[in-house]
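None of the figures in this text is laboratory data; all of them are computed from the coordinates on show. Computed from a predicted structure; not experimentally measured. Methodologically, a virtual Cβ is constructed for each residue, glycine included, from the backbone with ideal geometry; neighbour enumeration extends over all protein chains shown.
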Amino acid sequence: MAETGAAMTDNVSTHQAEEDARNEAILIWVNGRVLPKAEAMVSVYDSGFMLGDGVWEGIRLYNGRWSFLDEHVDRLFEAARAIDLDIGRSPDEVVAAVRETQAANGMTTDAHARLMVTRGVKTRPFQHPKLSQSGPTMVIIMEHSRPRLPRPIRLATVPHLRGLPMTQDPKLNSHSKLNCILACIAAEKAGADEALMLDVHGFVNTTNACNFFIVRKGEVWTSTGDYCMNGITRQKVIDLCRANGIPVFERNFSLVDTYSADEAFLTGTFGAQTPVGVIDGRQIGSGRIGPVTERLRSLYRDLVSP
């Protein structure tokens, strides 16, 4: 137990960022009002707080431009329609709210926004969506945020699965993240940073927070996409591979394939491409960022640069 505890003391995260004192004074957009952090609040009766009933997007600011903003907003509206949630604003109005929050905070680069929409405040503290009669609630939290990753991520395979669409569709960026949170807890208790999650057939799928890729003999592999988040950064990496002559495959693959990979990395809006050094105690390749991951990072940087 002592060794496990020691291993956990230097845990890192795919969302680990440099400390920035400016975040204590950020302004937060809440239902059309831009408020100081200490005053930005929602009701305890809000359906997002009570039941995780809502959807969200993470958006990143690079050199004055929100990367793939239209795609993120489109995905937000698709998810809202899937759960029968009326956002109550047009896509253009949502984009305007993001830009208003950015201007209020004077942010120009290295910022991350979390755009959240819930079904709104309930009349009584119970499950039925018809009890949400004064919604929706929309919040934009925007922080100064520069990723800081002192070493490649360590993953541990966990028993928690990315589920079927008829249970909780893993393609939805919903507020209901308990399954992924439990997976992350299990991984940390195993001495890793984050969880590697399998799909319902036992094939390698995603981590609890990001999409997952391996590199084998110059080929980039990722899951079929049937049981993972509909990741925008994931798709950009696949597109970059195809545009730059890097063989890429969306396929089923096993832990055996994963353990013998030359490289592994994660994709997400915050960290872009995050290298993985260890999976289930096994070093992946050199244990450091590999040449294919490094090349994809460079191609992605060019893609998001104005």
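Between THR269, THR157, THR108, where does the largest GNM mean-square fluctuation fall for the chain, given springs only between Cα atoms within less than 10 Å? Between THR269, THR157, THR108, it is THR108 that shows the largest mean-square fluctuation.
Legend: residue pairs LYS122/LYS177; LYS130/LYS177; LYS122/LYS189, Cα-Cα distance threshold 28 Å; pairs beyond threshold, LYS122/LYS189. Label sites at LYS37 and VAL12, each approximated as a point 7 angstrom past Cα along Cα to Cβ, lie 2.4 nm apart.
Quantify how much of the Cα-Cα distance distribution of the stretch 153-304 extends past 22 Å, in percent.
Details: 3843 of 11476 pairs.
I get 33 percent for the Cα pairs in the stretch 153-304 exceeding 22 Å.
Within the shell of other residues whose beta carbon sits under 10 angstrom from the beta carbon of TYR259, the net charge comes to -1, with Lys and Arg scored +1 and Asp and Glu -1. Backbone geometry of the stretch 236-246 corresponds, through the Karplus equation with coefficients 6.51, -1.76 and 1.60 at θ = phi - 60°, to 3J(HN,Hα) couplings of 5, 5, 4, 5, 5, 4, 5, 7, 10, x, 9 Hz, x marking Gly and Pro.
For the stretch 83-89, the Karplus equation 6.51 cos²θ - 1.76 cosθ + 1.60, evaluated at θ = phi - 60°, returns couplings of 9, 6, 10, 8, 5, x, 9 Hz by residue, with Gly and Pro reported as x.
Rg then Dmax, both in Å and based on the Cα atoms of the stretch 1-108: 17.5, 54. Close amide H pairs (under 5 Å, H built 1.01 Å from N) link TYR227 with no residue at least 5 positions away or on another chain. Largest GNM mean-square fluctuation across LYS130, LYS177, LYS236, computed for the chain with C-alpha springs under 10 Å, falls on LYS130. Distance from the alpha carbon centroid of the stretch 163-206 to that of the stretch 8-32 works out to 23 angstrom.
For the chain, the longest principal axis of the alpha carbon atoms and the long axis of helix 178-189 meet at an angle near 40°. Between HIS201 and GLU71, the simple spin-label model (points 7 angstrom out along Cα→Cβ) gives 2.6 nm. Going from the residue with the fewest nearby Cβ atoms within 10 Å to the one with the most, CYS228, CYS210 rank CYS228, CYS210.
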